[in-house]
Each structure stands twice: as structure tokens, then as C-alpha cells.
Amino acid sequence: MTRRGLDFAHLRAQRPDLITLSLPGFASNDTLRCDWRAFEPIIASASGVFTDMGQNRVLMGIDPSFSPLPLASAYGTMLGASAVVLALQARERTGCGDHIEVPLASAVLEGLSYNSIQIDGYPARYKTPREKEIERRRATGATMDLSYDDLQEYLDPFYRTYECADGRKFYAVCPSHRSHAKRCLQAMGLYDEFVETGLPTVSDPYRSVAEWEGVVDSSEWSQSDRALDLALADPCLSLVDCQRLAAVDTNSDGHLAGYTAIDE
């Protein structure tokens with residue numbers, strides 16, 4: 001494409017309103033992997049999908065475990081399509097197009113973030129029973145040998161298999177959102193019973209922004225924060241421009257002094 005003068009940068013230089021989407025296996029700035037032939041198993045292997053991405057498999061001692069599901073392609077397609085829709089909406093306001101890159105390896109890590117994210121020192125109350133059991137077994141040298149039946153004790157109640165009265169089974173998948181959990185319990189006919197035993201029923205459990213503690217002053221923003229601020233303020237700026245501009249000194253308000261787009 002580049003040799004024929006049809007690379008994205010050249011096309012958008014001629015038509016700034018174009019919206020282009022690239023779905024490489026690995027990020028273009030990943031100097032180690034950007035030239036790898038990005039077949040689905042290669043992406044999954046490099047991203048850890050076959051290893052610690054499945055806590056059930058770890059506890060059952062079947063790690064690594066191959067999955068034929070094209071997870072990277074599925075998540076990449078979903079995120080890419082969503083990004084294009086947002087770019088189309090932005091173009092309606094600004095007249096400017098955009099170039100979007102969604103590396104499939106990054107997409108699968110985003111889609112499976114509940115298994116891949118690692119936060120050092122986060123409180124134990126946020127850890128799932130499976131995480132705690134994995135940590136306990138690794139600390140004590142215990143074997144990872146749970147059977148699937150034994151594993152049920154450690155599963156999230158909103159992400160597990162249940163059996164109906166007639167013996168049929170179904171798998172509940174309920175994202176961690178209060179209204180989703182409520183509807184799930186209502187569908188199972190359990191919500192009223194839980195309320196009677198003390199489940200809170202407040203309509204809005206969240207504090208307003210004015211009540212938040214530890215709000216960071218804009219002068220303390222990081223370079224990436226300032227880049228995001230610029231991107232939101234001027235959608236016609238490219239991500240590269242925003243990152244470059246965010247690297248310069250800020251004024252006393254913590255915002256960038258007057259700026260102009262960089263001429264390549």
C-alpha cells in the first residue's frame with residue numbers, strides 16, 4: 001500500500017475527511033512484534049490467552065489450554081467498528097476524519113481485561129475467590145488440581161452455571177453493574193427475597209462529583225492527561241500532534257498555552 005502511494009497518511013493528506021481503520025496483529029509501534037504474521041494462535045500465544053487468562057483452567061491444572069475461538073479477531077472487530085461510529089459522529093461536528101488503529105493483541109487484552117489486568121497492591125476486598133485461592137495455593141505450594149465440581153465454590157455468582165428445576169442448565173453472564181445484577185436477580189425470581197434479607201434498594205448509590213475526595217488539580221496532570229485534554233478540545237488534531245503538544249510546558253492554569261497544529 002505504501003509503495004503504491006495508498007498508505008493511510010498519504011490518503012488522509014489528500015482527503016482530511018477520510019476515516020481509515022487498521023486492524024494489525026500488533027501495534028505499529030511495537031518494534032518487536034509489528035512484523036510478525038499475525039495469525040490468531042500467534043496473537044493468543046503472545047497475549048497469554050492460552051495461559052493465565054483463564055483462572056478456572058489454572059485452578060484445574062490444565063494450563064496452558066488451547067482455545068479455537070478467534071477471540072482477538074472478535075474483540076478487534078467490535079472495538080474497530082465502535083471506533084468508526086464515534087469517528088463518524090465526530091466528523092459530523094468537525095468535518096475532520098481520523099485514522100484508527102486497533103491492534104488485535106491489544107483488543108483481546110482489553111476484552112479479557114478481567115483476567116489480564118494486574119494492579120500491584122490493590123486491596124484484598126477487590127480480589128475474587130478464585131484469585132485468592134490461586135494465590136493461596138501458589139504461596140503454599142499446593143497442587144492446582146480442583147475438579148470442575150469443586151471449582152463451583154469459587155465462582156462469581158453472576159458468572160457461573162445454574163441448574164433449573166427440570167435439570168436443564170444455563171450459564172449466567174452478568175457484567176459488574178448494579179442494574180444488571182438487579183435484573184438478573186429479578187429474572188431468577190430472587191430479588192425480593194434478597195431485599196427482605198437486607199439488600200440495599202437505594203436508587204442511586206453513587207456520590208456526586210462535588211463530594212469526591214482527592215480531586216487532582218489540572219496542574220498535576222500527567223503528559224497523557226494533557227494529550228487527552230487536547231484531543232477532546234480539538235478533534236482535528238491527530239493523536240501524534242496531541243502527544244507532542246502535551247510534552248511542552250503548560251501555563252499557570254495547567255493547560256497548554258496557545259497552540260497550533262504541527263506542520264510535518
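A few remarks follow.
- Reported to the nearest whole Å, the Cα centre-to-centre distance from the stretch 72-93 to the stretch 103-158 is 30.
- Burial ordering of Asp17, Asp98, Asp156, Asp166, fewest other beta-carbon atoms within 10 Å first: Asp166, Asp17, Asp156, Asp98
- Convex hull volume per residue, computed on the Cα atoms of the stretch 166-205, equals 81 Å³.
- Here the residues Lys132, Lys182, ranked from fewest to most Cβ neighbours within 10 Å of their Cβ, fall in the order Lys132, Lys182.
Bear in mind that the values in this text are calculations on the coordinates, not laboratory data. Since this is a predicted model, take the numbers as computed values, not measurements. Cβ: placed from backbone, ideal geometry, glycine included. Neighbour counts: every protein chain shown.
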